[in-house]
Amino acid sequence: MPSVISTDVLIVGAGVAGLWLNARLRRQGFSTVLVESASLGGGQSVKSQGIIHGGAKYALHGALTGASEAIADMPRRWREALAGDGELDLSGVRLLSEAHYLWSPGTIAGNLTSFFASKAVRGRVDQVKGDQLPPALQDKRFKGKVYRLAELVIDVPSLVQRLADLAGDGLLAGQKIEPLLEGGVLVGLKVDEREIRAQRIVLSAGGGTAALLEALGLSQPAMQRRPLHMIIAKGPSLKPLYAHCLGGGTKPRITVTTHPAADGQWVWYMGGDIAESEGVARESAEQIATAQKEIGQLLPWIDLSTVQWATLRVDRAEPLQSGLTRPDNAFLAEEGRLLVGWPTKLALAPDFADRVIASLARDGIQPGPVSSLPPLPKPPMGVPAWEQLLP
Ligand SMILES: Cc1cc2nc3c(=O)[nH]c(=O)nc-3n(C[C@H](O)[C@H](O)[C@H](O)COP(=O)(O)OP(=O)(O)OC[C@H]3O[C@@H](n4cnc5c(N)ncnc54)[C@H](O)[C@@H]3O)c2cc1C
């Protein structure tokens, strides 16, 4: 029989939300156990594009929404953490790009006036030209305008690795999760028959949270999934590009980020409007053909003849919104000892942790006596999709 564990905060789900929260709590002296059923970051987190948004994308519409306001501080917080002097020490995490770019291909119909006037971008957007352009756009045939946004792009696998290091001995690979009740009150969880008692239990299991709630006999908070059909390209002719290419609409026509593959080549990972509803309806081969046509039209100087292609279907998991709209902030619901939530963006993981920490403070939860954990089975690291699809 595995030993019984007592901890201050038991977290279920080791994506960026659970890992970041875990590291923040440990830094504040709380004991934690973080349970993961598959791989660290292997859900949405390592499948994300790694953009630390400051809200510029959401200001494209002209309307300044709550998201633009709440998210505006995230690049600063991440930058400080990456420099090793923020709320977490993330020194060693690989920064892929100091900036994300907004690229208007010249024929754009969208109205950029309100965009540039909006609070989320005001004073933080500079036009770039010539050798300041992202390498993939440096060609004499390039027409259009490029603006540098004060947003970062990070290498998510190295982030997950660093947060796993900060988790110390607290990571636990576990599949079967059941409630641990005392007098009908939830006091912890049974993880693969091991009893874990905790002052607070946090569910941050991304798309797995709905099933966890059901296992605990709860139906709230309700969750929504928004599917994406992402495109992956790998080849020697692909140079770094981190940019939203504007169409005429409220969403970028295509968002390209570039990631290092294990074999030293660059991978282009493409989302944005092309990966949303119409893209979701396309078969993989059709989706690849659509992306090839887009890149062929937008960047005709890039030789695609040796590029390998794949697509990835993945859902964003979020609190239920009316009409499948995008939530504006990290979300946290509370019910007794149980806290349940979604960061809604990788960039908003700090906001998710803030909300949990504020809840603990409000309820007067303090770090309990420190007792060392027994050796626990560790979950593996999540692997980027291109290493599996284009080895
Ligand atoms: C294609 C794509 C691109 C994106 N790009 C960006 C971007 O550029 N910038 C940005 O800010 N956001 C982006 N996002 C959103 C971002 O990825 C997510 O909001 C964020 O990663 C969610 O983190 P999470 O920890 O809540 O979930 P996840 O990363 O999904 O982690 C949840 C974890 O819980 C585990 N789990 C599930 N069920 C159980 C269980 N029963 N027991 C134990 N563990 C369980 C899972 O295995 C998983 O590891 C993107 C999302 C997608 C899909």
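Express in % the proportion of alpha carbon pairs of the chain at distances exceeding 34 Å. Present the calculation step by step, with values, prior to reporting the outcome.
Values: 22624 of 76245 pairs.
Of all Cα-Cα pairs in the chain, 30 percent lie more than 34 Å apart.
Where does the chain land at 222 nm, in deg cm²/dmol rounded to the nearest 500, when only DSSP H runs of n ≥ 4 count, each adding -39500 (n - 2.57), divided by all residues? Show your work: numbers first, answer last.
Working: 10 runs with 90 residues, N = 391.
Theoretical 222 nm ellipticity from helices: -6500 deg cm²/dmol.
Contour minus end-to-end for D363 and Q388, with contour as 0.36 nm per residue of separation and end-to-end as the Cα-Cα distance? Provide the component values of the computation, followed by the final result.
Values: separation 25, 0.36 × 25 = 9.00 nm, distance 4.42 nm.
The D363-Q388 span can extend by a further 4.6 nm.
Can you tally the net charge around P380? Count Lys and Arg as +1, Asp and Glu as -1, for every other residue whose Cβ sits under 15 Å from the Cβ of P380. All intermediate terms of the calculation are to be shown ahead of the outcome.
Working: positive: K378; negative: E36, D165, E387.
It works out to a net charge of -2.
Length gain on complete extension for the stretch V185 to R141, per 0.36 nm per residue less the alpha carbon to alpha carbon distance?
Here the answer is 9.1 nm.
Among 195-201, 383-389, what's the highest-first ranking by average C-beta atoms within 10 angstrom per residue? Present the calculation step by step, with values, prior to reporting the outcome.
Details: 195-201: 20.7, 383-389: 16.7.
Peptide ranking by packing, descending: 195-201, 383-389.
What residues of the stretch 212-249 lie in the reach of a label at S277, counting those whose backbone N is under 15 Å from a point 7 Å from the Cα along Cα→Cβ?
Under 15 Å, as judged by backbone N against the label point of S277, lie 226-229, 249 of the stretch 212-249.
Percent antiparallel among DSSP beta bridges with both residues in the chain, to the nearest 5? Don't skip to the answer; put the middle values down first.
Working: 53 of 74 bridges.
Of all bridge pairs located within the chain, approximately 70 percent are antiparallel.
Highest mean first, how do 374-382, 221-229 rank when packing is the count of other Cβ atoms within 10 Å averaged over residues?
On the way: 374-382: 14.4, 221-229: 17.6.
Order by mean packing, descending: 221-229, 374-382.
Calculate the dipole size of the chain relative to its Cα centre from +1 charges on Lys and Arg beta carbons and -1 charges on Asp and Glu beta carbons; express the result in debye to the nearest 20. Working shown, then result.
Working: 40 positive and 39 negative charges, 204 e Å.
In total the dipole reaches around 980 debye.
Could you check the spin-label model distance between T306 and K378? Points 7 Å from the Cα along Cα→Cβ, value in nm.
Result: 3.8 nm between the two label points.
With every atom except the alpha carbons ignored, what do you get for Rg and Dmax of the stretch 123-202, in angstroms?
In Å, with Rg to one decimal and Dmax whole: 24.7, 73.
Going toward the positive end of the dipole of the chain, with +1 on Lys and Arg Cβ and -1 on Asp and Glu Cβ, which of S372, I196, L338 do you reach last?
Checking the options against the dipole of the chain, the answer is L338.
Please work out the Cα center distance from the stretch 247-325 to the stretch 191-214, rounded to the nearest Å.
Cα centroid to Cα centroid, the span is 33 Å.
Net charge within 12 Å of L299 by Cβ-Cβ distance, Lys/Arg positive one each and Asp/Glu negative one each, not counting L299 itself?
Here the count lands on +1.
Can you compute the FRET efficiency between E178 and S3 using 1/(1 + (r/R0)^6), with r the Cβ-Cβ distance and R0 = 25 Å? Round to the nearest 0.05.
Numbers: r = 17 Å, r/R0 = 0.68.
With a Förster radius of 25 Å, E is 0.90.
Just tell me which lysines come within less than 24 Å, Cα to Cα, of K47; anything on the same chain fewer than 8 places away is out.
Within reach: K57, K234, K239, K251, K293, K345, K378.
Assuming 0.36 nm per residue, please report the length gained on full extension of the stretch Q220 to L320 beyond their Cα-Cα distance. All intermediate terms of the calculation are to be shown ahead of the outcome.
Numbers: separation 100, 0.36 × 100 = 36.00 nm, distance 0.99 nm.
Length difference between fully extended and current span is 35.0 nm.
A short reminder: the numbers here are calculations on the coordinates, not readings from a lab. What you are looking at is a predicted structure, and each value in this text was computed from that prediction instead of being measured. All Cβ positions, even for glycine, are placed from backbone atoms using ideal geometry, and neighbour counts span all protein chains on display.
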